[in-house]
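Bear in mind these aren't lab numbers, they're just calculated from the coordinates by the rules spelled out. On a predicted model such as this, the values are computed, not experimentally measured, just so you know. No Cβ is skipped: glycine too gets one built from the backbone with ideal geometry, and neighbour counts run over all protein chains shown.
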Amino acid sequence: MFFAGHLALVFLINKAARTSERYRRISENLSVVFLFIAAIIPDLDFVFYGFIEHHTITHSLTFWSIAYLPLFLRWRMKILPYFIATLSHLLGDLLMGKPPVLYGIWSEGYGPYYDYATAYLAPSEFMLARSLLDLSVVLVFLIIYKRSIAGQRILKSDRDVFVGLPILGVLVIAIFIASSIQGKLFSLGRENEWPVLITAYSILAIAHLLITLTIFREARMFLKNKKSESIRI
């Protein structure tokens, strides 16, 4: 999956988990934007490609279980939503990729649909399937988000807007540039694949635009409400 799909997926997983009373208590003051950050950090292997190969250690359940252990010891169950957010990235990649989820124990990648898809679909068709998956997840996110906006806003505090949002933006831009340079996102292939690839990238652009507009709308509403409160005071 791409950024839009990962961000939408982690929101949906968190929303589903909140049906549990115990999880709702844990995530009461949770920042969705920091969940977004936790969801995309596995793709930092693009940025550090000279040291870490993509879809290796940072896409491993083994690695993240060890990495989060000190955080669990320090903050206990409060860190659980962020751990789930990072694991949601692995889940998203499993849908259309083949990450080595047990890297360090077993280096073989696993992806229930990847071998089938790549065997029967041309690279451009596979890219189109991935982009359609991303857009579908984003559309479901928008529907759920609209219905639950009062109970779970994306931006709730100054920390979200002035710390979380810039961090998320820097991470997305850095990973996007690094992955583009390495040719992981834009590989047009043969000339007869261009129409399908252009369609796929157009769908991806729409998915990412929808996510971006939603976050900007949240930021605008937060700042507007903050200004209104300061005027009343």
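List the chymotrypsin sites (Phe, Trp or Tyr not before Pro) in the range 33-96 that DSSP assigns to loop (not H, G, I, E or B) and whose Cβ has at most 12 other Cβ atoms within 10 Å. Which are they?
Working: sites: F34, F36, F46, F48, Y49, F51, F63, W64, Y68, F72, W75, Y82, F83; in loops: F46, F48, Y49, F51.
Those that pass, being in a loop and sparsely packed, are F48, F51.
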Q: Could you pull out every residue, at least 5 positions away or on a different chain, whose amide H is within less than 5 Å of the one on V101? Hs are placed 1.01 Å off N in the peptide plane, and Pro or chain starts have none.
A: Y110
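Give me Rg/Rg_expected for the range 22-136, where Rg uses Cα atoms only and Rg_expected = 2.2 N^0.38 Å with N residues.
Values: Rg = 15.8 Å, N = 115, 2.2 N^0.38 = 13.4 Å.
In units of the globular-protein estimate, the range 22-136 measures up at 1.18.
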Q. So how long is each side of the range 124-177 along the principal axes, counting just the alpha-carbon atoms, biggest first, in Å?
A. 43, 32, 7
Q: Take K224, K98 and order them by how many other Cβ atoms sit within 10 Å, fewest up front.
A: K224, K98
Q: Compute the acute angle (0 to 90°) between the alpha-carbon long axis of helix 80-96 and the principal axis of greatest extent of the alpha-carbon atoms of the chain; round to the nearest 10°.
A: 30
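Charges only on Cβ, +1 for Lys and Arg, -1 for Asp and Glu: so what's the dipole of the chain about the Cα centre, in debye to the nearest 20?
For the chain, the charge dipole is close to 1440 debye.
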